[in-house]
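Contents: one structure, followed by commentary.
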Amino acid sequence: MSSIKVNVEQLAETTPTSLEDIPKIVASLHATFATNKTRDLAWRRDQLRKLYNFLDDQYDLISEALYKDLNKDAGTVLHDVMIASSEAAHFLEHLDEYARPIRAKKTLMTLFDRNRILLDPLGVVCIIGTWNYPIQLLLGPLACAIAAGNCALLKPSEVATHTEALLLEWVPRIFDNDAIRIVSGGIPQATAILAQKFDHIFYTGNESVGKIILTAAAKHLTPVTLELGGKCPAYVDSHIANIDTVATRIMFGKLANMGQTCIAPDYILVHEKIATKLVPALKKALVKLYTDNPRAVAQYGRVINKNHTQRLVDVLQRQLALNHSRVVAGGEFDVDERYVAPLIVAGVTPEDPLMESEIFGPLLGIIEVSSVENAIAIINSKSHSLMLYIHSDNAKVVEKVIGATRSGSVSVNDYLVNMALSDLPFGGVGGSGMGAYHGRTGFL
């Protein structure tokens with residue numbers, strides 16, 4: 001396996017972009033766009049092909065960086081890389097179709113006219129990535145921006161230090177530097193970036209930073225796409241034929257990337273008629289996935305850093321101090337090693353620490369409900385989520401939950417696979433974000 005040529009020790013000294021350079025970089029991107037260079041479909045195909053080839057050719061190098069940052073197992077690495085790779089491949093296949101003018105339907109008033117919708121590039125797009133999927137959530141949106149004929153400024157997360165170092169080394173090698181640039185650093189650089197005028201800003205992260213970005217964008221009337229997350233509920237109905245399958249899918253969805261996934265199930269609402277079957281099934285599924293000692297399993301990930309680990313430990317300890325909740329599994333942690341065991345807690349209430357904000361880690365609370373209406377009421381008492389998961393073999397129950405709640409996406413009897421479908425728009429609503437992307441939606 002290749003080694004990263006810029007290591008984490010060098011990163012703080014060598015990679016932060018000068019604050020004085022950021023306005024110059026943005027101005028140069030606007031100047032490039034003004035030449036119409038990026039409108040050319042051949043140019044777009046060339047850049048998309050280079051993106052696809054990089055993700056394929058340097059897969060081992062990317063895997064090493066993701067493992068060093070998050071201890072990502074092979075499956076999670078594949079998911080991180082595959083989404084961006086699939087986006088690039090999708091646009092290479094459909095670019096001519098997507099870029100073609102759209103004819104407007106004729107009416108009596110326009111019978112002899114030729115009315116068309118021209119899909120015009122926006123200009124310079126700023127893409128701010130995040131640390132949990134640092135490849136997918138930076139280079140996936142970049143594929144959309146390139147396909148649509150834009151210049152782009154990339155800001156990877158400084159928290160995923162090894163992946164940031166890799167991107168800083170390779171982005172200038174891969175792409176046309178007149179049209180695609182990368183900026184490194186932390187809050188000072190992000191602040192300097194947001195002071196510039198862009199034609200679109202794409203951000204993936206949390207709600208508090210999303211508000212900062214939206215405020216900055218408003219000064220220039222810049223449109224934004226915000227992918228934020230939130231507390232994604234999983235409702236388990238009483239109409240279930242195979243509870244072991246349900247439990248396995250929940251634990252897989254929850255523990256992929258150590259729960260550090262914006263669409264991971266954040267809490268379970270289980271009908272009281274089936275709760276006594278679900279709880280032991282979840283514990284059984286956990287042992288099946290990671291044995292009874294996840295710490296010793298190579299495929300079990302780690303929290304991104306000690307600060308985030310301590311945040312999870314604080315929530316864990318506050319929850320375990322409550323007499324009404326019951327630990328089903330887990331509770332062990334080691335802050336120095338960034339390790340938190342999967343924690344399953346039964347007897348949780350909507351007011352508990354586990355229900356206060358998005359967990360973004362391997363902690364899972366279970367709330368028993370007396371009816372589907374009770375579950376809907378709890379879901380609607382929280383901010384709109386990025387995902388809603390429903391487990392039921394009753395189509396009427398599924399339609400009832402979908403019709404009475406709001407979320408960015410809904411998945412029935414499955415987890416995470418919607419992210420792999422380029423034809424399915426992905427985005428949030430309300431507190432979980434605004435705008436959507438993937439495939440044609442990302443192109444538009």
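All of the numbers you see were taken from the coordinates with simple rules; none came from a lab. These numbers come from a predicted model, not from an experiment. Counting neighbours? That spans all protein chains shown, and the Cβs are built from the backbone with ideal geometry, glycine included.
Shape verdict for the range 231-288, please, from the Cα gyration tensor: rounded (a/c under 1.5), prolate (a/b greater than b/c) or oblate. List each step's numbers first, then the result.
On the way: a/c = 2.35, a/b = 1.41, b/c = 1.67.
It comes out oblate by the Cα gyration axes.
For the range 174-221 and the range 250-306, compute the distance between their C-alpha centroids and round to whole Å.
34 Å
Only one of the listed values, [x] 26.2; [y] 23.5; [z] 22.2, was derived from the coordinates as mean projected area of the Cα convex hull in nm²; which label is it?
Step by step, mean projected area of the Cα convex hull in nm² for this structure corresponds to label [y].
Under 30 Å Cα-Cα from residue 283, which lysines qualify once same-chain neighbours fewer than 8 residues away are excluded?
68, 72, 231, 254, 273, 306, 382, 396, 400
Can you return the lysines within cross-link range of residue 24? Criterion is Cα-Cα under 30 Å, with same-chain partners fewer than 8 residues away left out.
5, 37, 50, 155, 197, 211, 219
Would you work out the relative contact order for the chain, in percent, from Cα pairs under 8 angstrom that are 6 or more residues apart?
Details: 880 pairs, mean separation 75.4, N = 444.
About 17 percent, as a whole number.
Mind checking which lysines have their C-alpha under 17 Å from residue 277, skipping anything on the same chain fewer than 8 residues away?
Those lysines meeting the cut-off are 288.
What's the longest bit of the chain with no exposed trypsin sites (Lys or Arg not before Pro), using DSSP loop states and at most 11 other Cβ atoms within 10 Å as the test?
Details: sites that count: 5, 105, 114, 219.
Maximal segment without exposed cleavage sites: 220-444.
Of all chymotrypsin sites (Phe, Trp or Tyr not before Pro) in the range 92-191, which ones are in loop regions per DSSP and have a Cβ with at most 12 other Cβ atoms within 10 Å? Walk me through the numbers before you get to the answer.
Working: sites: 98, 112, 131, 170, 175; in loops: 112, 131, 175.
Passing both the DSSP loop test and the Cβ count: 112.
Quick check on the range 341-444: take the gyration tensor over C-alpha atoms, sort the square-rooted eigenvalues as a ≥ b ≥ c, and tell me if it's rounded (a/c under 1.5), prolate or oblate.
On the way: a/c = 1.83, a/b = 1.45, b/c = 1.26.
Prolate.
Looking at the chain only, what percent of DSSP beta bridges run antiparallel? Nearest 5 please.
On the way: 11 of 48 bridges.
So the antiparallel bridges in the chain amount to around 25 percent.
Over the range 310-438, what is the relative contact order in whole percent, taking alpha-carbon pairs under 8 Å and six or more residues apart?
Values: 189 pairs, mean separation 21.1, N = 129.
Value for the range 310-438: 16 percent.
Could you work out the longest stretch of the chain that avoids the GluC sites (Glu not before Pro) located in DSSP loops with at most 10 other Cβ atoms within 10 Å? Can you show the working numbers first?
Working: sites that count: 20, 351.
The reported range is 21-350.
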